[in-house]
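Chemist: Here's a structure for you.
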Amino acid sequence: MTSFAQHMAFIGGGNMASAIMGGLIRQGMRPDQFTVVEPFAEAADKLLKDFGITALRVAGPALARADLVVWAIKPQIFNEAAAPVMPHTQGALHLSVAAGIRTDSISRWVGSDRVVRCMPNTPALVGQGITGLFACPSVTSTDQQLVEQVIGTTGQYLWVQQESLLDAVTALSGSGPAYVFFFLEAMTEAGVGMGLSAAQAYQLAVATFSGASSLAAASKESPEVLRQRVTSKGGTTYAAISAMEAAGIKPAFVSAMQAAEQRARELGDEFGKA
């Protein structure tokens, strides 16, 4: 792997950090090119077992080697976690995975304007994620290329030009896997009620979501047209869609995502004040 970063630091070594590190290691980066701060023993032990990376329990001078610092922590602890890191990393590019925390707060806490925010989702754990990205004006094109190289190991990405749009990304794709799992639960429950075993119903539901998504990705037609093609009037699919329309499923689903967007804005207000 040809990398713009000779050394990377991760503040937090949980699932999303592991997904990124794992992808980079598969592409040629060495374990000694990472410095990870992870205070929790279980997560630190997993990093050592999976990647041969010995995590620091507290931030220290070793972080000064980092060209890129990835903030893979919960939003409510960002400010506290940044304080011991900032003296060592002000010259680095900073990439935040923390939901809701805006770049003005991040810049203030890390002591740098070279900040990129991203909103990934959990399919990144299997290399099938989609990540929304926003860059501050001080982030160079070379910085953006590095971020793309790093995030590209977890799946697809897209840049947005307004930071506020990351709240919409959060609502659609960041939280989106949970919506899919919710529908998988319902389809499995329905299948069992119709006489299938739970395993059979779940296999059918998962394969249907996966196949339909692949078909949509490969097609130039809109989802509305694709839906219409399998919805013959008076047929089984028509009966199902009519029942969902009568129950108000679509407007309820839109309202649910609007609630997620609103909560993303609230997180920025709530945890970005310090």
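The values are calculated or read from the model by the stated rules, or taken from the named source; none is laboratory data. Quick caveat: nothing in here was measured; it's all calculated off a predicted structure. All Cβ positions, glycine included, derive from the backbone under ideal geometry; neighbour counts span all protein chains shown.
Chemist: Kindly evaluate Thr231 against the criterion of being outside any helix (DSSP H, G or I), β-branched (Val, Ile, Thr) and either farther than 26 Å from Gln128 by Cα or in contact (Cβ under 8 Å) with a residue 24 or more places away in the chain (or both). Give the derivation first.
Modeler: Details: outside any helix (DSSP H, G or I): yes; β-branched (Val, Ile, Thr): yes; either farther than 26 Å from Gln128 by Cα or in contact (Cβ under 8 Å) with a residue 24 or more places away in the chain (or both): yes.
Taking the combined requirement at face value, the residue satisfies it.
Chemist: So, one more: I'd like the residue in segment 76-105 that is in a strand (DSSP E or B) and in contact (Cβ under 8 Å) with a residue 40 or more places away in the chain and, out of all such residues, is farthest from Val116 (Cα to Cα).
Modeler: Leu93
Chemist: Among the residues that make up segment 189-201, is at least one of them surrounded by 14 or more Cβ atoms within 10 Å (Cβ to Cβ), assigned to a loop (DSSP other than H, G, I, E, B) and at pLDDT 95 or above?
Modeler: Checking segment 189-201: at least one residue is surrounded by 14 or more Cβ atoms within 10 Å (Cβ to Cβ), assigned to a loop (DSSP other than H, G, I, E, B) and at pLDDT 95 or above.
Chemist: May I pose another question? Among residues belonging to segment 106-123 that are among the hydroxyl-bearing types (Ser, Thr, Tyr) and assigned to a helix (DSSP H, G or I), point out the one that is farthest from Glu38 (Cα to Cα).
Modeler: The initial filter retains those residues of segment 106-123 that are among the hydroxyl-bearing types (Ser, Thr, Tyr), namely 107, 112, 122.
Those still in the list that are assigned to a helix (DSSP H, G or I) too: 107, 122.
On the way: Ser107: 22, Thr122: 20 Å.
In this case the residue turns out to be Ser107.
Chemist: Can you tell me which condition Ala82 does not meet? The list is (1) of a type in the set (Gly, Ala, Ser); (2) farther than 19 Å from Phe34 by Cα; (3) in contact with a helix residue (DSSP H, G or I) (Cβ under 8 Å, 6 or more places away or on another chain), and all the others hold.
Modeler: (2)
Chemist: Could you check Leu133 against (1) touching a Cys at 6+ places or on another chain (Cβ under 6 Å); (2) buried (at least 23 other Cβ atoms within 10 Å of the Cβ); (3) of a type outside the set (Ser, Thr, Tyr) and say which number it fails?
Modeler: (2)
Chemist: Just for segment 172-188: of the residues that are of a type in the set (Gly, Ala, Ser) and within 9 Å of Asn121 (Cβ to Cβ), which one is surrounded by the most Cβ atoms within 10 Å (Cβ to Cβ)? I'd like the intermediate steps shown before the answer.
Modeler: Of the residues in segment 172-188, the ones of a type in the set (Gly, Ala, Ser) are 173-176, 178, 186.
From the residues that got through so far, the ones that are within 9 Å of Asn121 (Cβ to Cβ) too are 173-176.
On the way: Ser173: 20, Gly174: 23, Ser175: 21, Gly176: 18.
Only one residue tops the list, namely Gly174.
Chemist: Which residue is surrounded by the fewest Cβ atoms within 10 Å (Cβ to Cβ), if the candidates are limited to segment 23-40 and must be modelled with pLDDT of 90 or more and either hydroxyl-bearing (Ser, Thr, Tyr) or part of a helix (DSSP H, G or I) (or both)?
Modeler: Asp32
Chemist: Since Asp143 meets every condition but one in (1) crowded, with 17+ Cβ neighbours inside 10 Å; (2) charged (D, E, K, R); (3) outside any helix (DSSP H, G or I), which condition does it not meet?
Modeler: Asp143 satisfies all of (1) crowded, with 17+ Cβ neighbours inside 10 Å; (2) charged (D, E, K, R); (3) outside any helix (DSSP H, G or I) except (3).
Chemist: Within segment 232-274, track down each residue that is over 17 Å from Leu165 (Cα atoms) and of a type in the set (Val, Ile, Thr).
Modeler: Thr236, Thr237, Ile241, Ile249, listed by residue number.
Chemist: Here's a follow-up. State whether the residues of segment 263-270 include one that is at positive phi and either free of Cβ contacts under 8 Å to residues at least 12 places away in the same chain or among the polar types (S, T, N, Q) (or both). Talk me through it step by step, then tell me what you get.
Modeler: Narrowing segment 263-270 to residues at positive phi: none.
Within segment 263-270 (the criterion being at positive phi and either free of Cβ contacts under 8 Å to residues at least 12 places away in the same chain or among the polar types (S, T, N, Q) (or both)), the answer is no, since none of the residues qualifies.
Chemist: Could you please let me know if Val115 is at pLDDT 95 or above, of a type in the set (A, V, I, L, M, F, W, C) and buried (at least 23 other Cβ atoms within 10 Å of the Cβ)?
Modeler: yes
Chemist: Which number in (1) closer than 24 Å to Arg117 by Cβ; (2) in contact with a strand residue (DSSP E or B) (Cβ under 8 Å, 6 or more places away or on another chain); (3) assigned to a helix (DSSP H, G or I); (4) not acidic (Asp, Glu) marks the one condition that Ala62 misses?
Modeler: It fails just one condition, (1).
Chemist: Same structure, new question: What are the residues in segment 240-256 that are in contact with a helix residue (DSSP H, G or I) (Cβ under 9 Å, 6 or more places away or on another chain) and either in contact (Cβ under 8 Å) with a residue 12 or more places away in the chain or among the polar types (S, T, N, Q) (or both), if any?
Modeler: As a first pass, look at segment 240-256 and keep what is in contact with a helix residue (DSSP H, G or I) (Cβ under 9 Å, 6 or more places away or on another chain): 241, 243-244, 249-250, 253, 256.
Of everything in segment 240-256, those that are in contact with a helix residue (DSSP H, G or I) (Cβ under 9 Å, 6 or more places away or on another chain) and either in contact (Cβ under 8 Å) with a residue 12 or more places away in the chain or among the polar types (S, T, N, Q) (or both) turn out to be Ile241, Phe253, Ala256.
Chemist: Here is a follow-up. So, of the residues in segment 1-16 that are free of Cβ contacts under 8 Å to residues at least 60 places away in the same chain and within 19 Å of Pro84 (Cβ to Cβ), which turns out to be surrounded by the most Cβ atoms within 10 Å (Cβ to Cβ)?
Modeler: Gly13
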